[in-house]
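Some notes on the structure that comes next.
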Amino acid sequence: MQRVALPDNDLTGFSQARRAAVDKASEMLGRSVIVAWKDDTNGQSAPAIPGGKGDRWHDYGESNEGVLELQVGDSYHFIFTETDGFEEPDINLVSLDDNGTKFLCLNDACTEEDKQKLGYFSGGGLGG
């Protein structure tokens, strides 16, 4: 997996770091999808793996075709996969719009804020 460090450029939080990572991944990959992420400022990561400790989010990203890891500043980490060549998008994907930046993310890699915006429910998939 290719690893790239990006400067934080005075980012004020996770959303801005994610936007910077998505922009860079879009430059480097044809069609990028976030597979996993970690926010060191609050210890949150996705996907949440029951009983998982340490870097399980990273293990998940690597074992689920992660090809690009972007570290934004010292605190934010994102693993992307390339979806060019897929005939159909994975049903487990959700399309997000973060202040005009559109990108795809695995349902399990959505933040709680994303889930609330989208009407996500814990049974999986998207609601109403």
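Select from the range 1-22 the residues that are crowded, with 17+ Cβ neighbours inside 10 Å and basic (Lys, Arg) and write down the one among them that is farthest from PHE80 (Cα to Cα).
ARG19
Identify all residues within the range 11-53 that are out of contact with any helix residue (DSSP H, G or I) (no Cβ under 9 Å at 6 or more places or on another chain), outside any helix (DSSP H, G or I) and without any contact (Cβ under 8 Å) to a residue 60 or more places away in the chain; write none if there are none. Reasoning before the result, please.
Step one: filter the range 11-53 for residues out of contact with any helix residue (DSSP H, G or I) (no Cβ under 9 Å at 6 or more places or on another chain), giving 12-13, 16-31, 40, 43, 50-51, 53.
Filter once more, so that each one left must be outside any helix (DSSP H, G or I): 12-13, 29-31, 40, 43, 50-51, 53.
Within the range 11-53, THR12, GLY13, LEU29, GLY30, ASP40, GLY43, PRO50, GLY51, LYS53 qualify.
Being more than 15 Å from LEU29 (Cβ to Cβ) and not polar (S, T, N, Q) is the filter here, so list the residues in the range 1-16 that pass it. Even if it seems obvious, please write down each step before you answer.
Looking only at the range 1-16, we keep the residues that are more than 15 Å from LEU29 (Cβ to Cβ), and these are 5, 7-16.
Those that are more than 15 Å from LEU29 (Cβ to Cβ) and not polar (S, T, N, Q): ALA5, PRO7, ASP8, ASP10, LEU11, GLY13, PHE14.
Search the range 92-116 for residues that are surrounded by fewer than 19 Cβ atoms within 10 Å (Cβ to Cβ) and among the polar types (S, T, N, Q) and pair each with any residue that is assigned to a strand (DSSP E or B) and at pLDDT below 75 when their beta-carbon atoms are under 7 Å apart and the residues are at least 6 apart or on different chains.
ASN92/LEU106; SER95/LYS102; SER95/LEU104
So, ASP84, is that one in a strand (DSSP E or B) and acidic (Asp, Glu) or not? Please lay out each step first, then the result.
Working: in a strand (DSSP E or B): no; acidic (Asp, Glu): yes.
No: the conditions fail for ASP84.
Could you go through the range 34-56 and let me know if any residue there is β-branched (Val, Ile, Thr), surrounded by 17 or more Cβ atoms within 10 Å (Cβ to Cβ), within 11 Å of the chain's Cα centre (by Cα) and closer than 17 Å to PHE103 by Cα. Don't jump to the end; show me each part of the working.
Our first condition is that a residue be β-branched (Val, Ile, Thr); within the range 34-56, this holds for 34-35, 41, 49.
Now narrow it down to the ones that are surrounded by 17 or more Cβ atoms within 10 Å (Cβ to Cβ): 34-35.
With the extra rule that they be within 11 Å of the chain's Cα centre (by Cα), the set shrinks to 34-35.
Restricting the remaining residues to those that are closer than 17 Å to PHE103 by Cα gives 34-35.
Within the range 34-56, one or more residues are β-branched (Val, Ile, Thr), surrounded by 17 or more Cβ atoms within 10 Å (Cβ to Cβ), within 11 Å of the chain's Cα centre (by Cα) and closer than 17 Å to PHE103 by Cα.
The values are calculated or read from the model by the stated rules, or taken from the named source; none is laboratory data. Treat the numbers as computed from the prediction; the structure is a model and nothing was measured. Note that each Cβ is placed from the backbone with ideal geometry, even for glycine, and that neighbours are counted across all protein chains shown.
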